[in-house]
Amino acid sequence: MQAESLIVDDCERGIFRVHRSTMTSEDVLAAERERIFSRCWLYVGHASELAERGEYRRRSVGGRPLVFVRGKDGEIRVLYNTCPHRGAIVCRRDEGNANTFQCFYHAWTFDNCGKLLGFPDEEGYATTGFDRSKMGLGVVTRHESYRDFHFVCFDDAAPSLGDYLAGTREILDLVADQSLDGTMRVVSGTQRYSIRANWKLLAENSVDGYHAPPLHRSYLAYLQGTGALLEAGKGALGGGSTALGNGHAMIEYRAPWGRPVAFWAPTFGEESKREIEQIRAELCARHGEERGTRIAGSNRNMLVFPNLVVNDIMAVTIRTFYPIRPDFMEVTAWELAPAEESGERLARRLHNFLEFLGPGGFATPDDVEALDSCQIGFGADGVAWSDMSRGMGRTPRMDDELQMRSFWREWQARMTETRRHDWSDRRTNGARAR
């Protein structure tokens, strides 16, 4: 597998192509697990999920079983979910509140900070070199957070989270500052589903503005029928795309739907209009007219390389995905909301979220079918390359493909173990070794 030969990136001629073996090869996936998922910062959870001491969430991150937990000392940790005795997982529920975790295999017991508390027949170790102080649950040492978004990294040589996030920090700020009380929270409940497609297809799709009018036309027709289509028309919805560094990218645009944070639409009902306008006015008073209007009214689909999507559109979705096989991924998603939202305000948000982004909503089934179709198509003989040249040589629009090219440029750099300095369509001076 020669990753440098799998991408054609010719800015002078305006050609960008990706070899389809990147989507089907077991060797490529094995290398991705080593060079991407074992070396990049990966999202593990949001601080709001662990409001109380002892609260935990069981997570799988980068193929590793973990426990995201707030210990009895109030500190948030990420523990490896494996018993140091013989390997069984010690946390077997997805979420809860616990003072201790006990391995069901041999009853070794640990506190919620990972310390070994006890085990049967301790006398059996009296004549051995056993050191119980070194037999606690493993702690993921590279664990950092930004605006309550917590990440882990399994590479001791990786840069700090702040450096890694690069331009995404500004966009995460726009999300976090939607709360008038200064706190966002993950709404209770988790979406889990799978897609019979390569994981990179969902990375592309999540920031792809080109597909929305044809693929999601039923949703746009629905909005038209309800009177919520504020900006009817064909083609691009208006806006632009941006490479945010390190393979991260986003599209930002105005769109024909309402936003629960502070952009009213007819589907919200006339009775909500005054309240939403008051929220918008408060956001503008706090952050200035330009930034407040951006928080309230602009939509953003953002990809944090390699597998975190934060879609701040008709609702705020946090989505992660991980490959099980070259043609199969598992997806997990949550809804993020201002902590002060409740009652009708929260109901509006959840309705908007599920209506478009839920597994049974207007968009997700469309996207799943499209990605499944692409994966089937990769099996066709005679077509070796996929094209992502749209928009090269012009100011990037939201329905161009700069954001996908940014992702693939970082993918190639990671897979060839080189470092990029520019993820845009400008010609660079080459790469240097990491």
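The values are calculated or read from the model by the stated rules, or taken from the named source; none is laboratory data. None of the values given here were measured: they were computed from a predicted structure. Don't worry about glycine lacking a Cβ; one is built from the backbone with ideal geometry, like all the others, and counts go over all protein chains shown. Protein only, heavy atoms only, side chains kept; ligands, DNA and RNA dropped before computing areas. Shrake-Rupley method; radii C 1.70, N 1.55, O 1.52, S 1.80 Å.
Restricting attention to the range 42-63 and to residues that are in a strand (DSSP E or B) and among the small types (Gly, Ala, Ser), the residue that is farthest from Ile324 (Cα to Cα) turns out to be Gly45.
Checking each residue in the range 139-159 for being small (Gly, Ala, Ser) and either touching an Asp or Glu at 6+ places or on another chain (Cβ under 6 Å) or in a loop (DSSP other than H, G, I, E, B) (or both) picks out Ala157, Ala158.
Taken together, the residues in the range 85-110 that are touching a strand residue (DSSP E or B) at 6+ places or on another chain (Cβ under 8 Å) and either in a strand (DSSP E or B) or exposed (fewer than 11 other Cβ atoms within 10 Å of the Cβ) (or both) amount to 9. The set of residues in the range 337-361 being surrounded by 14 or more Cβ atoms within 10 Å (Cβ to Cβ), modelled with pLDDT under 90 and among the small types (Gly, Ala, Ser) consists of Gly358, Gly361.
Taking the criterion of being out of contact with any Leu (no Cβ under 8 Å at 6 or more places or on another chain), within 9 Å of Cys113 (Cβ to Cβ) and either part of a loop (DSSP other than H, G, I, E, B) or among the aliphatic types (A, V, I, L, M) (or both), the residues of the range 64-84 that qualify are Gly71, Lys72, Asp73, Glu75. Within the option set Gly182, Gly136, Gly189, being in a loop (DSSP other than H, G, I, E, B) and touching a Gly at 6+ places or on another chain (Cβ under 9 Å) holds for one residue only, Gly136. If the Cβ limit is 7 Å and pairs must be 6+ apart or interchain, which residue in the range 71-100 that is assigned by TED's automatic domain parsing to the domain that holds Glu55 pairs with which residue that is open to solvent by less than 50 Å² (accessible area, probe 1.4 Å) and of a type in the set (Asp, Glu)? Close Cβ pairs satisfying both conditions: Lys72/Asp111; Asn97/Glu55; Asn99/Asp111; Thr100/Asp111. Residues in the range 236-273 that are of a type in the set (D, E, K, R) and open to solvent by 30 Å² or more (accessible area, probe 1.4 Å) were compared, and the one that is nearest to Arg300 (Cα to Cα) is Glu252. All of (1) closer than 13 Å to Val139 by Cβ; (2) out of contact with any strand residue (DSSP E or B) (no Cβ under 9 Å at 6 or more places or on another chain) hold for Val78 with one exception: (2). With respect to (1) open to solvent by 10 Å² or more (accessible area, probe 1.4 Å); (2) touching a residue at least 40 places away in the same chain (Cβ under 8 Å), the lone exception for Leu66 is condition (1). In the range 111-131, the qualifying residues are those that are in a loop (DSSP other than H, G, I, E, B) and open to solvent by less than 30 Å² (accessible area, probe 1.4 Å), and the one that is modelled with the lowest pLDDT is Phe119. In this structure, is Glu335 within 20 Å of Gly258 (Cβ to Cβ) and under 16 Å from the mean Cα position of the chain (by Cα)? Taking the combined requirement at face value, the residue satisfies it.
Selection of the range 177-186 for residues being hydrophobic (A, V, I, L, M, F, W, C) and buried (at least 19 other Cβ atoms within 10 Å of the Cβ) yields Met184, Val186.
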